[in-house]
Amino acid sequence: MLIARRGQNIMRERAVLQRILVTGGAGFLGSHLCEALLRSGHHVICLDDFSTGLRRNIEHLADTEHFSFIEHDIVTPIDFDVDQIFNLACPASPPHYQANPIHTTKTSVLGSLNLLELARRHNARILQASTSEVYGDPNVHPQVESYWGNVNPFGPRACYDEGKRCAETLFFDYHQSHGVAVKIARIFNTYGPRMRPDDGRVVSNFIVQALKGDDITIYGDGSQTRSFCFVDDLIDGFLCLMASPASFTGPVNLGNPCEFTIGELAEQVIELTGSTSRIVHRPLPIDDPRQRRPDISMAMRKLDWQPRVTLFEGLGKTIRHFDRLLADIDPILTEVA
Ligand code: NAD
Ligand code: UDP
């Protein structure tokens, strides 16, 4: 069931038809965003290079009026008329962004530069999907936007963390130097339907393992924490941020402030799936952040936004999605291969 949300309502009320570019639109978050923008009556141009996104995420939109698709890598410049840009193009899962780290950095740095130029030429408003990873392994808890972070510039996560940090710098400088209307969202761990079964992030890994009866792989002792936001809440935050006054650029944290250990997450997944899977422990990846929880006071104050979906509820919806997906796995595996 669709819940009417604040962001969706604002976009609908201001429904002068906008040409909105969503880069990374065939990915997990991007495909949900394309749907939400189409529901608000806008023209959506979805752009993706299918490096981690899937054609099947957007197949159902292909015949929708006001939807078009461009296959393109944002590392190469592009030009067309546009009113708003949501820049989501970037691999987000550690195994995916570490697979080709140089291209990950190029995507954040050169890609952002190309899209900021596009925004400048067409006087478009542009939103950057930044990340809680800009705080690295944080020494301040919960994380507030004024915290500068604790990032290793030389480790396996650096291509993602430093790329996203540099992108924020470029956004700030295009705003200062060229007056481009920018918005920066620092997204905390978000999960939900349309994550790939082989995505590698913790929620999809645990659910797929539990449903298949495989061992559930906790990295380290499971005492590290994350705060998990359901996708619908995050998309609503994106829409509220894009519609906020031009004077508000962010960066602003978007995430769910309820914090869980990874061990607690595994227990919840086992309970909700009724799985007989065993928990096994694997080595903790290098530079894995110990704890993470957003301080969302700025988002509540400036955007009148806060998440509504509990982890229990969101996991239930995500488990139902994966249950259906695994029953119909062949087409996915064909595309993933
Ligand atoms: P995803 O991997 O499902 O989506 C990323 C999309 O970008 C994919 O469709 C991929 O094919 C596309 N892409 C990657 N590089 C590209 C390039 N050079 N040119 C064109 N397209 C490219 O991941 P997601 O979880 O949907 O993340 C979307 C965005 O949100 C990313 O920028 C990510 O860094 C950010 N983010 C996500 C989370 C989260 O928890 N989901 C947290 C923090 C930040
Ligand atoms: N993790 C885990 N088992 C897995 C995948 C991840 O224990 O199968 C851990 C990972 O080490 C990290 C946390 O879960 O501590 C979140 O990992 P994810 O890759 O989802 O996101 P990120 O580390 O980028 O926040």
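The values are calculated or read from the model by the stated rules, or taken from the named source; none is laboratory data. Bear in mind the structure is a predicted one, so any value in this text is a computation, not a measurement. So basically every Cβ, Gly included, is an ideal-geometry build from the backbone, and we count neighbours across all protein chains shown. Quick note on the areas: whole protein, heavy atoms, side chains included, nothing else; ligands and nucleic acids left out. Shrake-Rupley method; radii C 1.70, N 1.55, O 1.52, S 1.80 Å.
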(request) Provide the convex hull volume over Cα atoms per residue for the chain, in Å³. (result) 127 Å³
(message) If I ignore ligands, DNA and RNA and count only protein heavy atoms, how much of THR23 is accessible to a 1.4 Å probe, in Å² to the nearest 10?
(response) 0 Å²
(request) Put one equal scatterer on each alpha carbon of region 49-133, apply the Debye formula with no solvent term, and list log10 I(q)/I(0) at q = 0.17, 0.18, 0.19 1/Å to two decimals. (result) -0.81, -0.90, -0.98
(message) Taking the alpha-carbon distance from LYS106 and a cut-off under 21 Å, which lysines remain once sequence neighbours fewer than 8 residues away in the same chain are dropped?
(response) LYS164, LYS183
(message) Please return the longest range in the chain lying between exposed loop sites, taking chymotrypsin sites (Phe, Trp or Tyr not before Pro), DSSP loop only, at most 14 other beta-carbon atoms within 10 Å, and leaving the sites out.
(response) 155-247
(message) With the alpha-carbon atoms as the only input, what is the per residue convex hull volume for region 149-206 in Å³?
(response) 128 Å³
(request) Report in % the part of the accessible area of the chain that belongs to carbon and sulfur, leaving out ligands and nucleic acids; probe 1.4 Å. (result) 52 percent
(message) Helix-only mean residue ellipticity at 222 nm, the chain, DSSP H runs n ≥ 4 weighted -39,500 (n - 2.57), per residue, nearest 500. What is it?
(response) -12500 deg cm²/dmol
(request) Above 15 angstrom, tally the Cα pairs of region 232-337 and express them as a % of all pairs, no decimals. (result) 75 percent
(message) Give me the percent relative contact order of region 1-120, please, defined on Cα pairs under 8 angstrom at least 6 residues apart.
(response) 27 percent
(request) Please list, in chain and number order, the residues 5+ apart from TRP305 or on another chain whose amide H is under 5 Å from its amide H, with Hs placed from the backbone. (result) MET300
(request) Determine the per residue accessible area of region 3-120 with all protein chains present and a 1.4 angstrom probe, expressed in square angstrom. (result) 41 Å²
(request) Sort all Cα-Cα distances of region 258-309 into consecutive 5 angstrom bins from zero, then give the percent of pairs in each bin up to the one containing the longest distance. (result) 4, 13, 17, 17, 15, 15, 11, 6, 3
(message) Using 0.36 nm times the number of residues separating TYR147 and ALA246, minus their current alpha carbon distance, what extension gain do you get?
(response) 33.3 nm
(request) Just tell me which lysines come within less than 20 Å, Cα to Cα, of LYS317; anything on the same chain fewer than 8 places away is out. (result) LYS212
(request) Over the chain, calculate the relative contact order: mean separation of alpha carbon pairs under 8 Å at least 6 apart, over the residue count, as a percent. (result) 18 percent
(request) Go ahead and run the numbers for FRET between GLU117 and HIS281, Cβ-Cβ distance against an R0 of 51 Å, rounding to 0.05. (result) 0.60
(request) Would you mind giving the three semi-axes, in whole Å and largest first, of the ellipsoid equivalent to region 196-280 according to its Cα gyration tensor? (result) 32, 14, 10
